[in-house]
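Novice: Okay, here's the structure, questions in a sec.
The values are calculated or read from the model by the stated rules, or taken from the named source; none is laboratory data. Fair warning: this is a prediction, and the values are worked out from it, not measured in the lab. Please note: Cβ atoms are built from the backbone with ideal geometry, for glycine as well, and neighbour counts cover all protein chains shown. The protein model used for the area step is the full one, side chains on, heavy atoms only, and it has no ligands, DNA or RNA in it. Shrake-Rupley method; radii C 1.70, N 1.55, O 1.52, S 1.80 Å.
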Amino acid sequence: MRFATWSAGGTVRAGVVGDSGLHALPEGTTVLDLVRAGLPAARAAGEEALRGPAVPLDSVRLLPPLEAPTVRDFVTFEEHVEGMVAPSGEPVAPEWYQAPTFYFTNPYALVGAHDDVPVPPGSQRFDFELEVAVVVGAVEGSDGASLTPEQARDHVFGYTVLNDWSARDLQFREMAVKLGPAKGKDSATTLGPWLVTADELEPYRDAEGFLALDMRVSVNGEQIGQDLLSNMGWPFEELIAYASRGTEVRAGDVLGSGTCGNGGCLGELWGRRGELSPPPLRPGDVVEMTVEGIGTIRNRVVEGVELPPVRAARPRPRTRTRAA
C-alpha cells in the first residue's frame, strides 16, 4: 500500500495511492496518525479509503508523505565514502566499519516530490544525494527503545525516496571544526513521492536481509549515478536498532540510508575526478531520482535568498579571572 499527502485548493489531505488516483482518508487523518497506529490498522484504513472517489494525481501538489518528528541520516555506502575522502589520499576511516554513523537533520526543511528547491544562502557548490529512507512504525501502539535488529524489523512501517540536498562548501567548512554537518545540510530534504509499506518491497529482500532495489539519478535528463540499495553496509533493521541504542525511536521517525555509490552525488564524483565535473547545481537544473518499487521524485533548483555574509568571530582576550 502507498500513502501520500497532498495539497489541492488550499486544503491538505492524506490518503492512499490507487490505480485511478488518490483516495482520501477521513478529514483530519494524517499519514503520521497511521504510522503511529501501526501497519495492520493503517492497511485497514487504506482499504476503506480505496472504496471512495479518486483525485487525479496531476491535479494536486504532492507534499512530503508525513510530518516526521525527527530525521536521521546515515552514511552506509562504502563506495560513496571512498569517493568523498579520495582528495585526501586516505582510505575509508576504520571507524566507519565499526558502527553505522548518522547525524540529525532538519525536519522543518522537508519538501515534496516536485517542489522547487532554492540554493542555500552563500553556497556555490550545491549538490544532491540519492537515498532511500525507512519510516519507523509503532508495534501494538508502542515505540521502541534499545531494539534488537529482529525487533526493529517489526517496527519498519515503510520506505520513501530521500534527496539530501547538500551545500558542499558550507558543509566542508563547518566539518573542519569537527562538528556538523549543520547549515550545509539543513536547507532542504526531499521525501516522496509517497510512503510505500514494507510488505510491498519484501519480494526484493535478498538472503542477507538487504533490499535489492535499483536507484538512479539524473540532472537535466542525463543520468549521473546508479546503484543498488543492497550495497548498503548495514540493512535498515540494524540502522533502526543502532538509532534506538540506549535511547528510543518513535513512530514517524525517518532514517536515511545515506548516499548510494557510483555517482549517487556530485561530491563523490568530484573526489574521484579531482575536478568539479559534473558542475555544481545551478538554478534551472532539474534533478530526478527513481528507486525501483518506490517511485520518482523530480525537483527544480531555483535562486535562493540573498543574505549578508556571516560575521567572523571577534578576537577575545584569554583572561582567566574577572577584572576588578
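Novice: Once you order the gyration tensor axes a ≥ b ≥ c over the Cα atoms, which shape class does the stretch 1-152 get: rounded for a/c under 1.5, otherwise prolate or oblate by comparing a/b with b/c?
Specialist: oblate
Novice: Okay, moving on. For the chain, what % of the accessible area comes from carbon and sulfur atoms, probe 1.4 Å?
Specialist: Looking at the chain in its full context, I get 51 percent from C and S.
Novice: When the solvent-accessible surface of protein heavy atoms is calculated with a 1.4 angstrom probe, in what order do SER277, SER218, SER20 fall, highest first?
Specialist: Values: SER277 40, SER218 20, SER20 85 Å².
Result of the area sort, largest leading: SER20, SER277, SER218.
Novice: Using a 1.4 Å probe, what is the accessible area per residue for the chain, in Å²? Working shown, then result.
Specialist: On the way: 15750 Å² over 324 residues.
I get 49 Å² per residue for the chain.
Novice: I need the peptides 156-166, 278-288 ranked by packing, meaning the mean over residues of other C-beta atoms within 10 angstrom, with the highest value on top.
Specialist: Packing proxy ranking, top to bottom: 156-166, 278-288.
Novice: Rounded if a/c is under 1.5, else prolate if a/b is larger than b/c, else oblate: which is the stretch 150-270, with a ≥ b ≥ c the root eigenvalues of its Cα gyration tensor?
Specialist: Here the stretch 150-270 falls in the oblate category.
Novice: Let me check I've understood the local charge: for ARG300, count other residues with C-beta under 12 angstrom from its C-beta, Lys and Arg +1, Asp and Glu -1. What total comes out?
Specialist: Its environment carries a net charge of -3.
Novice: Ranked highest first by the average count of other Cβ atoms within 10 Å around their residues, in what order do 220-230, 58-68 fall?
Specialist: Working: 220-230: 16.6, 58-68: 19.5.
Those peptides, ordered most packed to least, come out 58-68, 220-230.
Novice: Taking N as the number of residues in the stretch 201-243, what is its Cα Rg relative to 2.2 N^0.38 Å?
Specialist: In units of the 2.2 N^0.38 Å rule of thumb, it is 1.41.
Novice: How long are the semi-axes of the equivalent ellipsoid of the stretch 274-324, defined as square roots of 5 times the Cα gyration tensor eigenvalues? Whole Å, largest first.
Specialist: In descending order, the three semi-axes are 46, 17, 14 Å.
Novice: So for the stretch 170-324, taking the charge dipole from beta-carbon charges (+1 Lys/Arg, -1 Asp/Glu), which of PHE210, MET232, PHE172 sits furthest toward the positive end?
Specialist: PHE172
Novice: Net charge near ASP186: determine it from the other residues with C-beta under 12 Å of the C-beta of ASP186, scoring Lys and Arg +1 and Asp and Glu -1.
Specialist: Result for the local shell: -1.
Novice: A further question follows. For a distance above 29 Å, tell me the whole-number percent of Cα pairs in the chain that qualify.
Specialist: Considering the chain, 38 percent of its Cα-Cα pairs are separated by more than 29 Å.
Novice: So, one more: Would you mind classifying the stretch 29-99 by shape? Square roots of the alpha carbon gyration tensor eigenvalues, ordered a ≥ b ≥ c; an a/c under 1.5 is rounded, otherwise it is prolate if a/b is larger than b/c and oblate if not.
Specialist: Prolate, because a/c is 1.5 or more and a/b exceeds b/c.
Novice: Continuing with the same structure: Can you pull the semi-axes for the stretch 81-194, root of five times each eigenvalue of the Cα gyration tensor, sorted largest first, whole Å? Walk me through the numbers on the way to the answer.
Specialist: Working: eigenvalues 154, 91, 30 Å².
The answer is 28, 21, 12 Å, longest axis first.
Novice: For the stretch 1-60, evaluate the Debye formula with one uniform point scatterer on each Cα (no solvent term) and list log10 I(q)/I(0) at q = 0.18, 0.20, 0.22 Å⁻¹, rounded to two decimals.
Specialist: Debye curve over Cα of the stretch 1-60, log10 I(q)/I(0) at q = 0.18, 0.20, 0.22 Å⁻¹: -0.54, -0.66, -0.80.
Novice: Using only Cα atoms, tell me the angle between helix 39-50 and the longest principal axis of the chain; keep it within 0 to 90° and round to the nearest 10.
Specialist: It works out to around 60 degrees.
Novice: Among 6-15, 304-313, 146-155, 250-259, how do they line up from the highest to the lowest mean number of other beta-carbon atoms within 10 Å?
Specialist: The densest-packed peptide leads the list: 250-259, 146-155, 6-15, 304-313.
Novice: Tell me what the chain gives for mean residue ellipticity at 222 nm when only DSSP H runs of n ≥ 4 count, each as -39,500 (n - 2.57), the sum divided by the residue total, rounded to 500 deg cm²/dmol.
Specialist: That comes out to -5000 deg cm²/dmol.
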